[in-house]
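Input: a single structure, listed below in structure tokens.
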Amino acid sequence: MVFVIKANGEKARFEKKKIIGTCLRAGVSKQQAEQIASQVEAKARNGMRTRDVLRLVLQKLDALQTGHGEKGRLRGAISDLNPELHEFEKYISHVFKAHGYKTRWNQIVQGEIIEHQADVIVEKDGKRFLIECKHHRNPHRMTGLDVPLTYWAILDDIQKGFKKGITKKRFDNMWIVTNTKFSMHAIKYAKGKGLILTGWGQPRENNLPDLVHKIGLYPITVLDLSPAELAKISNAGFLLLNELLIDENELRQRTKLSSKRISDIVNKAKRVLS
């Protein structure tokens, strides 16, 4: 039996099924996923770090040259979104819009006592939700109890404001979206208060990677680009891969990258999106 070391230092048993799951989420066939998992299992050794296991998986996906390797990097790619440009909040707004929600980003909502800044407001089927986004640059950092505690207080103030006629629109619930996992205390508290949680692999269905893969809406950070290239593309106003599929001359002018590099980047984006 092989044991690997997780990002938090804990020891865990190597599970082939997790490798298969990662590959399936990246879009490969079940046969390919099982083949890659067997190849990685053959190289797994006691004390190996999970990040090194993932690196092996991504290498195998990259070797297919089908865009699956980039999709397998989704977790790190979302972590790499620029907080100074509020890219995570904007990205989540795009994801919900692609799922049929009417979305508004960065809104001020009056509560009973004070005003609150909502990351995203979404509406669908007669329901209106406040979405609060918790972004971690470290994808292995746990989202703790303090997050639902804080956001429940915000929802409570806004809902009481509506009952008193201070808040103009009714909000049905608070939806907390993060790119990491929630702690057990956070999950328990949110369940008790009826809050909706969407994290990495949580809940079992309609978690964050599921929401993304279902619509194929990937951030530019899934591409293997240098920090300087990413900065130029982000500062030019691009966030999503499909936004790069414009006239290459315009893309070159806006990013100041060479024509050859632009062609390479666009081809990679097309490969992932296909």
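Miscellaneous remarks
- Test set (1) hydrophobic (A, V, I, L, M, F, W, C); (2) in contact with a Pro (Cβ under 9 Å, 6 or more places away or on another chain); (3) assigned to a helix (DSSP H, G or I) - LEU81 fails condition number: (3)
- Listed conditions (1) over 23 Å from LEU223 (Cβ atoms); (2) of a type in the set (Lys, Arg); (3) modelled with pLDDT of 85 or more are all met by LYS30, apart from (3).
- Selection count, the range 130-174, where residues are within 30 Å of ARG75 (Cβ to Cβ) and among the polar types (S, T, N, Q): 4
- Which numbered condition ALA77 fails, given (1) under 17 Å from LEU230 (Cβ atoms); (2) over 16 Å from the mean Cα position of the chain (by Cα): (2)
- Residues that are more than 20 Å from the chain's Cα centre (by Cα), crowded, with 19+ Cβ neighbours inside 10 Å, part of a loop (DSSP other than H, G, I, E, B) and at pLDDT 85 or above do occur in the range 103-119.
- Residue ID - surrounded by the fewest Cβ atoms within 10 Å (Cβ to Cβ), chosen from residues in the range 12-28 that are part of a helix (DSSP H, G or I) and not hydrophobic (A, V, I, L, M, F, W, C): LYS17
The values are calculated or read from the model by the stated rules, or taken from the named source; none is laboratory data. Nothing here was measured: the structure is a model prediction, and the numbers come from that model. Cβ: placed from backbone, ideal geometry, glycine included. Neighbour counts: every protein chain shown.
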